[in-house]
Number of protein chains: 2
Amino acid sequence: VSNVMNQQIVLAQSPSGRVTLSDFALVTTEVPFRAADQVLLRNILVSVAPHQRAVMQEPTFRPRLVAGEVIPSSVIAEVVAGPPDGPAPGTVIAGTAGWEEYSAVRAATVRPILAGRPLVRQLSLFGLNGLTAYFGMLQVGCVRPGETVVVSGAAGGVGHLAGQVARIAGAHVVGITGSAEKNLILEKKLGYTHTVSRRSAAFPDDLRAACADGVDVYFDTAGGPILDVVLPLMATHGRIVCCGETSQYDTDQTSLPSPRGFSKSVITKSLRIEGFLVMDFSPQWGDALTRLRDWEESGQLAVIEDVRDGLDAAPAALVAMMAGKSVGQLVVRIRQEAGLQQKRETMFETL
Amino acid sequence: VSNVMNQQIVLAQSPSGRVTLSDFALVTTEVPFRAADQVLLRNILVSVAPHQRAVMQEPTFRPRLVAGEVIPSSVIAEVVAGPPDGPAPGTVIAGTAGWEEYSAVRAATVRPILAGRPLVRQLSLFGLNGLTAYFGMLQVGCVRPGETVVVSGAAGGVGHLAGQVARIAGAHVVGITGSAEKNLILEKKLGYTHTVSRRSAAFPDDLRAACADGVDVYFDTAGGPILDVVLPLMATHGRIVCCGETSQYDTDQTSLPSPRGFSKSVITKSLRIEGFLVMDFSPQWGDALTRLRDWEESGQLAVIEDVRDGLDAAPAALVAMMAGKSVGQLVVRIRQEAGLQQKRETMFETL
């Protein structure tokens, strides 16, 4: 690819305390070399998600991110070039790449998008967040009609969908967020039964009052001290779905002791606490996407998306998210969708 | 029941720190009144188990034990009298009663013993401990051939059976105990693959070395700091069976913070952590007892029992157990088994 450069957002330094804009750098490099089993992607949309902060702190399911590395991200991208048995050039796919204009990733890791739906929806409801909400609530949490479900980080990219999946499954849904504004959205737009603010001094009492029959499913995206508050409220045979611990990511202190009274609660109440990877359910993704699409089309499920424009908007979006200042799915559009085909042909005719 | 008194061991005071003999009192009371739906039991064998210490500290699945109350216990007992549709007088049953000569319990809560096996075995392999080991390892832990299983409290009443169930299921079994003497018994008599001592300074390294491929199932009877050591060794999709936390019972400090890095491990390794009550599996008890009996008869599974004589031996047995000085199932025989029928007839002819 001659004369085409690749803008990237890389980690400039590991955050000291809370993540700030100075922890990122915008760099310009060559378009990456594509190996024989890879596709070269031109990214259209990239995601902003707590995992990006988590991996600056410690290894997760991938190694810790070090200075100079591009920020990893779910992406919606157009295939520029690839192996003959891979997706054809011009195809728009979903994949895991980074905050950058061009990425080279293994062809086997990209997947088709759902036809006929907006591109941004492929990163939210029809992406890993929607699938995580779906399988976490239904297959891990095993929520049943009439049960009480608590969701922490309930206004987040996963949380705002998880609570709605539980409502559709017939549960009473209690959302925990950090602000009254978010709670209003959950109650008025997403059909949460109750909401409580974790920043209120009365938080434990508020939560207890909202869960008079105990908590059957706790869908935990926050971890940390909220889990300490929820544990004693769990009902016998309750399930805790460990989806994330966003409250523990934006710090350089790791391995905080938590939660208190852990084993005792698990033993005396026959609790099940479970983590999962949405990849574990990949054979069932097709069915899940069909149901999620039906719920959205019938108006049972609403998706909140917050789209920022320009690759250089991504760091500020992540900083705002970690400070609790975002609602729903945060997405950065790094390239306008219109005229994709035409631009590809003019720019990459030499490939 | 005229002229017959009831000796009981009651809690004299809640232990301050470690439990001692002075926390118990031997008292003599009337034989309890039997309500219409109850059976009057004359107890033969009572159990000594960590739960008896736990319930002096905090509520468990039953309310906290307070001064003056009899120590609760699994028992093997003879039915003295009961409702017409209950077990006939003279029948020997298993039930939940207390450290006392006579108990009145709901007839619906007693269950038959396994025919043709020693009475003491009804409290160990064919009692709640055997069933806990069986269902905890196979149904909650879901151990599979070739997996690595770690058992804490591996020489205890449940632990020494749980490790053998895992071995029979084809697992590599690593036992954690508090002494080299116990480890020798596990390796030589019970077929444990490896053992490590939790009191060794090299404990974390020893355990890591014994579990080179990671821990697929952790059968936890100890809780506390051992769980902190095991968590980072768990393999992806590992299962932690929360059976007890004996390391936390013999103290008046409750709700110790534990374990560290909990949510992170659960999330990044897709762990499942689960507590259970053996009652949850009661429809399958018959099948389980058949298999346990077959394993014992074929010599695949050995049972270690430590039987002390006389009701007044029970407190010292519990104190020794909590100090880590017991192996296998501790049982107190409060009445000789021989001549049960004859003694019953002579003593209770007026009932």
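Under 14 Å of direct C-alpha separation, and excluding same-chain neighbours fewer than eight residues apart, residue B:325 reaches these aspartates and glutamates: B:181, B:250, B:305, B:306. Rg and Dmax, both from the Cα atoms of region B:141-205 and both in Å, are 11.0, 32.
In whole Å, what is the distance between the alpha-carbon centres of region A:1-61 and region B:221-242? Cα centres, region A:1-61 to region B:221-242: 35 Å. Residue by residue along A:222-232, Cβ atoms of other protein chains within 10 Å of the local Cβ number 1 on average.
Expressed as a whole percent, the proportion of Cα-Cα pairs in region B:136-285 lying more than 26 Å apart is 18%. The string of couplings for region A:101-106 from the Karplus curve (6.51, -1.76, 1.60, θ = phi - 60°) is 6, 10, 9, 10, 9, 4 Hz, one whole number per residue in order, with x for Gly and Pro. For residue A:328, the amide hydrogen comes within under 5 Å of the amide hydrogens of A:156, A:157, counting only partners 5 or more places away or on other chains and with H modelled in the peptide plane.
For the listed peptides A:37-47, B:110-120, a ranking on the average number of other beta carbons within 10 Å per residue, highest first, reads A:37-47, B:110-120. For the peptides B:146-156, B:315-325, the ranking by mean Cβ contacts within 10 Å, running from highest to lowest, is B:146-156, B:315-325. Across region B:1-76, Cα-Cα pairs more than 15 Å apart make up 62 percent of the total.
Normalised by 2.2 N^0.38 Å, where N is the number of residues, the C-alpha radius of gyration of region A:262-306 stands at 1.79. What is the sum of charges, Lys and Arg at +1 and Asp and Glu at -1, for the other residues whose Cβ falls under 13 Å from the Cβ of residue B:285? Every neighbour counted, the sum reads +1. Expressed as a whole percent, how much of the Cα-Cα distance distribution for the protein assembly as shown exceeds 37 Å? When every Cα pair of the protein assembly as shown is considered, 48 percent fall beyond 37 Å. Here the Karplus relation 6.51 cos²θ - 1.76 cosθ + 1.60, evaluated at θ = phi - 60°, turns the backbone of region A:267-275 into coupling constants of 6, 6, 10, 6, 7, 10, 10, 9, x Hz, with x for every Gly and Pro.
Among A:69, A:101, A:305, the largest mean-square fluctuation in a Gaussian network model of chain A (Cα springs under 10 Å) belongs to A:69.
Peptide A:62-72 shows a mean partner chain C-beta count of 0 within 10 Å per residue C-beta. What fraction of the DSSP beta bridges in the protein assembly as shown is antiparallel, stated in percent and rounded to the nearest 5? For the protein assembly as shown, the DSSP antiparallel bridge percentage is about 60. Using a Gaussian network model of chain B in which every pair of alpha carbons under 10 angstrom is joined by a spring, one finds that among B:329, B:139, B:57 the greatest mean-square fluctuation is at B:139.
Over the C-alpha atoms of chain A, the Rg to Rh ratio, Rh being the Kirkwood estimate, stands at 0.99.
Distance from the Cα centroid of region A:299-314 to that of region B:97-141 is 58 Å (rounded to whole angstrom). Relative contact order for chain A: 19 percent, from Cα pairs under 8 Å spaced at least 6 residues apart, divided by residue count.
Between helix A:159-168 and chain A there is an angle of about 60 degrees, using the helix long axis and the longest principal axis of the Cα atoms.
Karplus-derived 3J(HN,Hα) values for region A:216-225, using 6.51 cos²θ - 1.76 cosθ + 1.60 with θ = phi - 60°, are 7, 9, 10, 8, 9, 9, 9, x, x, x Hz; glycine and proline are entered as x.
Among the listed pairs A:264/B:182; A:269/B:269; A:188/A:264, a Cα-Cα separation exceeding 32 Å is found for A:188/A:264.
Laboratory data are not the source of any read-out in this text; all were calculated from the coordinates shown. All values derive from a computational prediction rather than experimental measurement. Positions of Cβ are generated from backbone atoms using ideal geometry, with glycine treated the same way; all protein chains shown enter the neighbour counts.
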